[in-house]
Each structure stands twice: as structure tokens, then as C-alpha cells.
Amino acid sequence: MSILNEISELVIKGDIMGTKAKVAEAVDQKVDATSILNDGLMPGINEIGERFAKGQIFVPNVLLSAKAMNTGVEVIQPLLAAGGDTTIGTAVVATVKGDLHDIGKNLVALMMKSVNLKVIDLGANVSAEKFVEAINEYHPDIVGLSALLTTTMNEQGHVIEVLKEAGVRDQVKVMIGGAPVTQGWADKIGADAFTADAAEASRWAKTYCT
Ligand code: B1M
């Protein structure tokens with residue numbers, strides 16, 4: 001079994017320390033960090049999603065695998081985020097209220113840092129009012145809203161409405177993303193951009209800020 005397959009298996013097992021050690025071993029072997037992410041960690045968490053959808057595993061299993069994934073990402077974070085010294089802009093990112101999924105949002109933050117954006121990560125389960133406060137405090141160029149549930153996608157639209165009511169909508173570009181989110185949804189709620197993954201999010205942000 002290749003080391004990338006071993007990483008996937010460890011994420012599937014929810015083996016937090018094992019994942020951390022195996023990712024470190026892959027880094028020592030000079031396996032490319034992007035490959036560790038896309039071909040090792042991601043297939044593991046995606047498999048967990050499929051097993052969960054089929055009712056083969058339950059939330060505690062998913063939580064352990066999510067922790068394993070996050071721990072693996074932490075190991076490769078310095079390699080993925082190795083940008084230069086000049087900040088090209090600022091982004092505020094968070095997962096919207098009612099939604100605890102933060103792995104994708106963390107990757108978006110990481111990849112944005114890698115193209116030299118200053119990233120203010122507000123975390124998960126973040127209310128619309130917190131976004132308004134963050135805009136007033138940090139004056140970002142971009143506000144990124146992540147949602148992983150079909151129910152919390154609606155909150156992305158609500159955040160945009162609250163930004164309008166607070167008079168700050170025109171100060172920022174709003175980017176949305178997350179597994180159930182589409183360009184059609186972005187158009188419907190009046191977001192400025194939909195991006196499908198963290199790499200695309202960072203490319204869009206870089207193009208906009210430079
Ligand atoms: Co949950 N969960 N979960 N979960 N979970 C999903 C999303 C689900 C699809 C699983 C399934 O049924 N197959 C399903 C949603 C169904 C739906 O709404 N249609 C689901 C469910 C139902 C639930 C609960 C309701 C389960 C329950 O309690 N009965 C519950 C809800 C809790 C809540 O949020 N209120 C729940 C809980 C959890 C855990 C807490 C156990 C855990 C999250 C832990 C954590 O994040 N710290 C969890 C996990 C891990 C998942 C799956 C398995 C994996 C999600 C993930 O991290 N993927 C997921 C199944 C799946 O997606 N395959 C599932 C990897 C990540 C890198 O991908 O987040 O899509 P993703 O991010 C991508 C892109 O979407 C994009 O970039 C990333 C890749 O580069 N992207 C953006 C994301 N945000 C972006 C923002 C952008 C741009 C791009 O711009 C700002």
C-alpha cells in the first residue's frame with residue numbers, strides 16, 4: 001500500500017496520532033504537500049462521508065476522522081501556506097451560523113494565506129452580526145462564507161441581507177462555497193463569487209486583490 005493510501009486508511013479509522021505520524025513520514029519522504037492533501041487526506045474523509053450517508057457509521061466515527069484529517073492538515077500547513085512577505089489583501093472567513101463543519105473552511109483560509117492574503121478566521125457557527133462586526137473592525141476586501149448543510153446554505157443568503165441592512169455590503173466582495181453550494185445559488189442570493197474548492201478560492205482572491 002502506498003503511503004498516501006495508508007494516510008487515507010488512517011483518516012477512515014479515525015486514528016488521530018497515526019494520521020499525524022504518517023503525514024509527517026510522508027513529508028520526510030518529500031511527498032508533495034498538495035498530494036498528501038488531495039490524494040491522502042481528502043479521499044479518507046470523502047469515504048467517511050459516503051459511509052455515513054449509507055448509515056454504515058455514526059457521528060462519533062465522523063468526528064474522529066475529522067480530527068484525524070485536521071491533525072494531518074496541521075502537519076502540512078507550513079508547507080502549503082509558505083507565501084511571501086507582502087500582503088495583497090485581507091479576507092474574513094467563517095462557517096455560517098448553525099454549521100459546525102470547518103475542515104473545508106480551514107483549507108480555504110490556508111490556501112488564501114498561501115497567496116499572501118491576511119486571513120481573519122472567525123471559526124464555525126458564526127452569526128451574521130459577527131460578520132458585520134468583523135467588517136467594521138478589519139476592513140477586509142473579501143468575506144468568505146462556508147456552508148456544508150443544505151439547511152445552512154440559506155444562512156449565506158441571510159448574511160448578505162444583514163450586511164446590506166448594516167450598510168457594509170458594498171465594502172466587500174462576498175465569496176461563498178461548501179459542498180452543496182453552486183454558482184446558481186450564488187447568483188440567487190447575490191454573492192459576488194462561488195468557488196468550488198480551496199485552490200479556486202485562493203486563485204479568485206488573488207486575482208481580485210492584485
Ligand atoms: Co457532517 N454532514 N454533519 N459532520 N459531514 C456532511 C456535510 C454530509 C454531506 C454527510 C452525509 O450525509 N453524506 C451531511 C449533510 C447533508 C446535507 O445537508 N445535504 C452531514 C450531516 C447530515 C451532518 C449532521 C446533521 C449529522 C447529525 O448530527 N445527524 C451534523 C450537523 C452538525 C452541524 O453542523 N450543525 C454533522 C456533523 C459533522 C461532524 C461534526 C461530525 C463532522 C464535522 C467536523 C468538522 O468539520 N470539524 C462532519 C463531517 C466531517 C462531515 C463530512 C463527512 C466531511 C466534510 C468535510 O470536512 N469534507 C461530510 C460528507 C462529505 O462532505 N463528503 C458531512 C472535507 C472538506 C475538505 O470538504 O468541506 O466540502 P468541504 O470543503 C471543500 C469545498 O466544499 C470547498 O473547499 C473545500 C475543498 O478544497 N469549500 C469552500 C468549503 N467551504 C468553502 C468556502 C469557500 C469556497 C470553497 O469560500 C468562502
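Taking amide H atoms as placed 1.01 Å from N in the peptide plane, the amide H of V174 lies under 5 Å from those of V143, D192, A193, each 5 or more residues away in sequence or on another chain. Listed values for the range 59-70 are Karplus-derived 3J(HN,Hα) couplings in whole Hz (6.51 cos²θ - 1.76 cosθ + 1.60, θ = phi - 60°), namely 3, x, 5, 4, 4, 4, 5, 5, 5, 4, 4, 4, and x replaces Gly and Pro. Accessible area per residue for the range 21-168, computed on protein heavy atoms with a 1.4 Å probe, is 48 Å². Heavy-atom accessible area for R203, with the other protein chains in place and a 1.4 Å probe, reaches approximately 140 Å².
Under 18 Å of direct C-alpha separation, and excluding same-chain neighbours fewer than eight residues apart, K206 reaches these lysines: K105, K113, K118, K173. Amide H contacts of T95: G123, A124, N125, V126, S146, each under 5 Å away and 5 or more positions distant or on a separate chain (H built 1.01 Å from N in the peptide plane; Pro and chain starts excluded).
Element breakdown for the chain at a 1.4 angstrom probe: carbon and sulfur atoms account for 52% of the accessible area.
In this Cβ point-charge picture (+1 for Lys and Arg, -1 for Asp and Glu), the range 1-148 has a dipole of about 220 debye about its Cα centre. In degrees from 0 to 90, rounded to the nearest 10, what is the angle of the helix 16-28 Cα long axis to the longest principal axis of the chain? Taking Cα atoms only, the helix is inclined about 90 degrees.
Modelled label positions at Q56 and E74, each set 7 Å beyond Cα in the direction of Cβ, lie 2.9 nm from each other.
Rounded to the nearest 20 debye, the dipole size of the range 92-179 about its Cα centre is 240 debye, using +1 on the Cβ of Lys and Arg and -1 on the Cβ of Asp and Glu. Applying the criteria of a DSSP loop state and at most 10 other Cβ atoms within 10 Å to the trypsin sites (Lys or Arg not before Pro) of the range 29-77 yields K30, K54.
The values are calculated or read from the model by the stated rules, or taken from the named source; none is laboratory data. Just so we're clear, the structure is a prediction, and the values are computed from it rather than from any experiment. Every residue, glycine as well, gets a Cβ built from its backbone with ideal geometry; the counts of neighbours run over all protein chains shown. Remember, those area values only see protein heavy atoms, side chains included, never the ligands or the DNA or RNA. Shrake-Rupley method; radii C 1.70, N 1.55, O 1.52, S 1.80 Å.
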